[in-house]
Amino acid sequence: MVAPASLRVVRCGGSTLHGARAVFSADSKYLLCASGDFVKLYSVGTEETLRLMGGHANLVTGIQLNPHNHMQLYSSSLDGTIKLWDFMDGIPIKTYTVGSKLLALYTLPSWEDSVFVITPKSGEGDTYQLVSVKLPKGAGQDLEAKEVSVILNGVDVSPKCIAFGREGEYVASVKEVHLQVYFFKQKHLNRISLSAKKTKGGNNHFTCVSCHPKEDCIASGHADGKIRLWRNFHHKKEYTFSTLHWHHDAVMDLAFSVEGTNLLSGGVESVLVLWHNESDCQKDFLPRLGSPIEYISMASDGSLCCTLHRDNRITIINSNLRFSKSIQGLIKSADIKTGLVVDPRTKALVLNGEPGHLQFYCLQSDQQLFSLDIVQQQYIHQAGLIQTDLVQVAFGAQGKWLATVEEREETTNLELQLKLWFYDEETQSFKLNTRINMPHEAHITAMCFRDMEELEEDSLILVTAGRDCVFKVWMMVEDTDPEAQQSVSWSCDFVGSYHNYQATNCCFSEDGSLLAVSFEETVTVWDSLTWDLKCTFCQPPGKIRNICFGRLTCSKYLIGTTDCGFLCCWNLLSCALEWSAHLNTFILQPDPLSEYIAAVSWLSKESSLFVFKPSEPQPVYIQRNLCREKIQLAAFVPRDEPEPVSSEKYLWLRRSQLFFLTDAQELMTLSMKSLEERLTPSSKQLAVEESLPVTPFSLLLGKHRQQQSQEDSGLGKLIVHKHKQESPAVKELLHTPAHVLPSASFLCPIFINSLLISKENKSAEEVAEEVEMASEKSETESDEERDGTEMDQEDTSPVEFLGEMTCKLSKSQEKELRRIRKMDYSWVAAF
Amino acid sequence: MTTYKPVVVQTFPRLGEKITQDTVYWRGYKTPVQIKEFGAVNKIDFSTVPPYNYAVTASSRIHIYGRYSQEPIKTFSRFKDAAYCATYRDDGNLLVAGGEEGSIRLFDISGRAPLRQFDGHTKPVHVVGFLSDKYRIFSGGDDYSSNLWDIPSATEIISYSEHTDYVRCGCASKVNADVFITGSYDHTVKLFDARTKSSVMTIDHGQPVESVLLFPSGGLLVSAGGRYVKVWDVLKGGQLLVSLKNHHKTVTCLCLNSSGQRLLSGSLDRHVKIYSTTSYKVVHSFNYATSILSLALSPEDETLVVGMTNGVLNVKHRKPEERKEKPLKRQPAYRTYVKGRTYMPKQEDFCVSKPVKRVLRKYDKLLKSFQSSKALDAVLEPPIRLYTPEVTVAVMQELHRRGTLRSALAGRDEKQINLLLTFVARRVIEPRFTPILVTVADMITDIYQPVVGQSAIVDRQFLRLQEAIGKEIDYQEELLEVLGMMDALFATFTKKGSTYLEENKSNGLKETIETN
């Protein structure tokens, strides 16, 4: 960081989740997912994001639990490193540098200290190999993993194309029409090939492979939708296979259940198919999962499975094939045509979601608030179909009205629908009020509401601009018939045009008195009362790309950008050009709460941000090279309360926050907070199941046993471990239910003292006094509490400050300390 | 995960007349009975007591008709010249009528000869009526005077000569026995109180007043004259409440319905308009063959009688209310519904929630399982195809969206092609179906091109389709011509610099706005 208060570009949502198969933690309570450069830890119960583990410099390509320690996680990345994480605490334990790009990661319990990765073959560009990497045992954090041995050559890039068989005896790899099986013990490679043939539905190339966990059986998915079950593949010639066929498009992923009795498959149809006993006739379906299934993963106890979808959604499914939960952040859609719109009511970001839906994305919680079905048609997941698309959206009257435009373009005719939705307070959702078929004869290019706070609701006006060379004004019509069900509907009030040019943009001034409509090269300004043309502005070379009015003190200015790379500012009072700048602006976004306007340009492969006031041609703020991808859209989101701004330079960020969406549909924002502040993780302590039950029965039994053992040894244990008590002390404190604990202000000094392992004599006395007081007070509290205070009293004997502590701490202590350090932030912040 | 979304069937608003409760109510009359009278029917009055006979004054006769009789029950024909304004008394026993010769006659319903005759007007008496105390009669004559008569003594109580033109209409207050109003051709309506010597209030209507009416509450007054119907607030000293101009010829008669919620006006323009008395908007209108002179509604709106200038009496009876046959299926007992509903699950109970079963239409079920051809068959069944063609078209569109329309249309036999083509040829000209049905027609001709000529039936259907489309093209061409002419006209009217308005032009035609 250059200066303490410099702006940083922060990623805040929308990273692709389908880099690798998701992994359930051993107790099926948490779900781990590769998300862009991060690994995310979700809670299965609450759908929350609990941890965001960052550290990789490039996309994460594979995550696997450490087979020897279920609290640890390996992750591989394109930056050529494998990291070992303690995912419960979000701490990186070790980093192994391999060197070359890593494209997938596999682990096997039978291989003590090796992992398998797919790497590009050195020298050759597009051939890949499966290698095993021996992870060195060393003391340091960063280690070099040099011991690499090649297992299979010429494998596919996709992590789905390699699977390890029963107890790690063999590995199966598929590429195009070839299946390779390598037996580790016999060191024997078997190659089986299909004859390549093109059928109507596609070809019979392999797409994915999965191995039976108990038997020698390999399941492979094909591009034509078939699933083949291979047996007897030890022999070169006498292998057999059976075929299951339901999918009409490529099988995207396969997964066997834990016992291997069932097989799950998914594909573009977004239907999860459950095949019973590997037979073609017994199958169950879970249809309409929303978007194509990319990965299927099973929990180790078989109670849950999850599917990762192409639109960055995670669906968690029960073992009886019932939909259980859905974890959805920013849903990725094929093309965001609506732009970024802010819902005035919820302050959520509104954009295209699932096909035909509008998603309301909550920026604070990185979750989808809800998805509004606009098109209301059954979506058919099939390639080559022309689907209805949502192209425009606008909010009016503080979120009371919503206007949407959907279109479906066929070769000959265009289907357009303008829908107006009214927010129903009772049901807390939008209700369709008016549907208008073919509002324009060609594409609608822009739409805006005239929104005035002080005026009554019936002054609400909607303007649509279309390529059919007109703009139309829609007004609310009140139905006078008292018996009618609905009191208002919308109808066309005025149609305006200008020299038969296509209308490209429209925008109302802040007070709603003027409407600016751009017609190709010209901007026309209309009086919104009489619909008279007031004046026109034209800046010859190039068509108008964006227009917007200035706000507040700058409301006399009209800003426009042209596709020849000019930014012009016109004065509406003098009807003359005030200033212009040479800037190839793609996005022009005014802040609704201040007079600042943000312009994002795209020049020589880098996006730059310029923030300016229309009254001055000099920008207030410039940031070059905002991010590595092209910025597609941007929006100002009003803050709940103005943020204190240290520097004059960042005054424009006081009232609103700027968010922008890149081509890869990652949502970014500009933040003034320093890195540490932003990355402070939530102080949630994850409860860890130390002893791992395997079956539901042992789960039941285990809980019972644990309780018993706790009751037996609860008090004694604490006293016995006199020197290592700080970790159980903290644990005890944290694991006690909140309602039994005394107030936080009372606990805090005890807690902090417990962290100080050694102390001076003087302070020890003080603390003892305090603790005595505390124990008096807490006598009425629960037994557990008393245990805690007793332990604290004993705790005070060794005297030394944390800072003066010798650096020779045991591993567990270090870990504990790190955790504690994180903990006490939140405690302090409470006072 | 979402559930299956059924096919959206777009419902379009009916263009033109909207169906409201009023239209349903006022359409609930049978086809009218026409009775020929001897001359123009100037007054129809219903008796207020059952069986609600009505007196029709036409030419020199007064006919009493029963509810369903086509022939008069009784006739009063003791007039030498034209009779006017035969009116029942509230108890339905007496009938009073004015005449061309200036005398007013009072008849007993059961007798023939007049009980009383009131002489005093020097000119024809066009309006007579009972005051609500039943013992007095008011009248208005062409001698510009409005008189009040005592029935027992047959003498004139008072005579007001305040109007300056013919008095042609009048009405007595139902609330106050002393109050009556008269309307005159001198454009005024005057309110008289029998206790005072002069008129209490004068209201200027602006046109010769043809008919006046007091609301049952006595607070509002309706006057009709010229093309206007005006409503006045009497209690506010004759303030104009609303002025209605819905007829394009003189309004001749007014009438309230039995509930007082609707006001009816008949006019020389052959229309009867029905207004709501809350919003004063026209809620319905009737069309008649000739100019209307008088109109009356029986109590309970049972019968609507309209008299015309050509002497035809048009009688409409209300259709008997259709008794809905209640299905005799035995409903399950109440306790089967509440069975188990009140049970509160205990903590250790494991609740199995039963999913709500959604009922899908047959075509939706088939579409859900991707059976395109069968889904198309399902919507080509007679009831759907004939009565709800929008469903058929919606399913066709859905199939087209799914890309399976061609395969659904293919492989059909002669009978089915015949059916399809009949449907397409009939519906392709409807603007709401045109886009998709053109595609369907295209596909059918594509698919079945090789078999043309093998079946006479199919060939005939193809020819019909061609004919229908040809007709439509001609029609559209004509429309475009008209549009061009109108454009030229508009252009001459509104020359407004560089901008020009093109409201309600070609783009107005294609828009179908629908409110859900």
Mind giving me the FRET efficiency for A:His739 and B:Ile429? R0 is 51 Å, r the Cβ-Cβ distance, nearest 0.05 is fine. 0.10
Please report the net charge: other residues with Cβ closer than 13 Å to the Cβ of A:Ala20, K and R +1, D and E -1. 0
Please find the FRET efficiency linking B:Glu477 to A:Glu616, where r is the Cβ-Cβ separation and R0 is fixed at 45 Å, and quote it to the nearest 0.05. 0.15
For the range A:10-154, size of Cβ-based charge dipole, Lys and Arg +1, Asp and Glu -1, in debye: 60
In the range B:333-368, what residues drop by 10 Å² or more in accessible surface going from the chain by itself to the full protein assembly, probe 1.4 Å? B:Lys368
Mind pulling the angle between the C-alpha long axis of helix B:456-493 and the longest principal axis of chain B? Nearest 10 degrees, somewhere in 0 to 90. 60
Using a 1.4 Å probe, how large is the accessible area of B:Tyr144, given in Å² and rounded to the nearest 10? 90
Cβ-defined net charge surrounding A:Asn505, 13 Å radius [Lys, Arg +1; Asp, Glu -1]: 0
Applying the gyration tensor rule to the Cα atoms of the range A:278-428 (axes a ≥ b ≥ c; rounded if a/c under 1.5, else prolate if a/b exceeds b/c, else oblate), the class is oblate
Buried accessible surface, A vs B, both sides, probe 1.4 Å, in Å² to 100, equals 3500
Going down the table (A:Lys400/B:Lys230; A:Lys419/A:Lys649; B:Lys43/B:Lys281; A:Lys134/A:Lys605; A:Lys40/B:Lys365; A:Lys325/A:Lys347), which pairs top 31 Å between alpha carbons? A:Lys400/B:Lys230; A:Lys419/A:Lys649; A:Lys134/A:Lys605; A:Lys40/B:Lys365
Which net charge results when you count Lys and Arg as +1 and Asp and Glu as -1 among the other residues whose beta-carbon is under 11 Å from that of B:Asp269? +4
Using only Cα atoms, tell me the angle between helix B:389-402 and the longest principal axis of chain B; keep it within 0 to 90° and round to the nearest 10. 30
Cα gyration tensor category, rounded, prolate or oblate, for the range A:552-674 with a/c compared to 1.5: oblate
Between helix B:414-427 and chain B: long-axis angle, C-alpha atoms, 0 to 90°, nearest 10: 40
If you take the charge dipole of the range B:362-472 about its Cα centre, with +1 on Lys and Arg Cβ and -1 on Asp and Glu Cβ, which of B:Ile447, B:Ala378, B:Phe433 is farthest toward its positive end? B:Ala378
Amide H neighbours of A:Lys543 under 5 Å, counting only residues 5+ apart in sequence or on other chains, H built in-plane at 1.01 Å? A:Asp563, A:Cys564
With R₀ set to 60 angstrom, the calculated FRET efficiency between the beta-carbons of A:Ser580 and A:Thr243, to the nearest 0.05, is 0.35
The pairs in A:Lys121/A:Lys236; A:Lys214/B:Lys357; A:Lys160/A:Lys283; A:Lys337/B:Lys374 lying past 29 Å Cα-Cα in this model are A:Lys214/B:Lys357; A:Lys337/B:Lys374
With N set to the number of residues, divide the alpha-carbon radius of gyration of the range B:353-448 by 2.2 N^0.38 Å and report two decimals. 1.11
What does the charge dipole of the protein assembly as shown about its Cα centre add up to, to the nearest 20 debye, if the Cβ of each Lys and Arg holds +1 and the Cβ of each Asp and Glu holds -1? 4280
Taking the Cα-to-Cβ direction at B:Ser258 and at A:Leu603 and moving 7 Å from each Cα, how far apart do the two end points lie in nm? 8.5
If you take the charge dipole of the protein assembly as shown about its Cα centre, with +1 on Lys and Arg Cβ and -1 on Asp and Glu Cβ, which of A:Phe449, B:Leu263, B:Ala86 is farthest toward its positive end? B:Ala86
Heavy-atom surface of chain B, accessible at 1.4 Å and reported per residue (Å²): 54
Under a Cβ-only charge scheme (Lys and Arg +1, Asp and Glu -1), can you give me the dipole magnitude of the range B:1-124 about the Cα centre, in debye to the nearest 20? 380
Using the eigenvalues of the Cα gyration tensor, what equivalent ellipsoid semi-axes result for the range B:23-317 when each is taken as the square root of five times the eigenvalue, whole Å, largest first? 26, 24, 17
For the range A:94-219, with all protein chains present and a 1.4 Å probe, just round the carbon and sulfur fraction of the accessible area to a whole percent. 49
Find the centroid of the Cα atoms in the range A:545-595 and in the range B:149-198, then give the distance between the two in whole Å. 76
Using the charge dipole of the range A:160-329 (Lys, Arg: +1 at Cβ; Asp, Glu: -1 at Cβ; taken about the Cα centre), state which of A:Ile227, A:Ala196, A:Trp246 has its Cα farthest towards the positive end. A:Ala196
Using alpha carbon positions and the Kirkwood radius, the Rg to Rh ratio of the range B:48-152 is 0.95
Ignoring ligands, DNA and RNA, please state the percent of accessible area on the range A:512-564 from carbon and sulfur, probe 1.4 Å. 49
State whether the protein assembly as shown is rounded, prolate or oblate according to the following rule on the C-alpha gyration tensor (a ≥ b ≥ c being the square roots of its eigenvalues): a/c under 1.5 gives rounded; otherwise a/b larger than b/c gives prolate, and the remaining case gives oblate. prolate
For peptides B:34-45, A:105-116, sequence by mean Cβ density within 10 Å, most packed first: B:34-45, A:105-116
Distance between the C-alpha centers of the range B:229-249 and the range B:427-499? Whole Å please. 49
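The values are calculated or read from the model by the stated rules, or taken from the named source; none is laboratory data. Everything quoted here is computed from the prediction, not taken from an experiment. No Cβ is skipped: glycine too gets one built from the backbone with ideal geometry, and neighbour counts run over all protein chains shown. Surface areas here come from the heavy atoms of the whole protein model, side chains and all, with no ligands, DNA or RNA. Shrake-Rupley method; radii C 1.70, N 1.55, O 1.52, S 1.80 Å.
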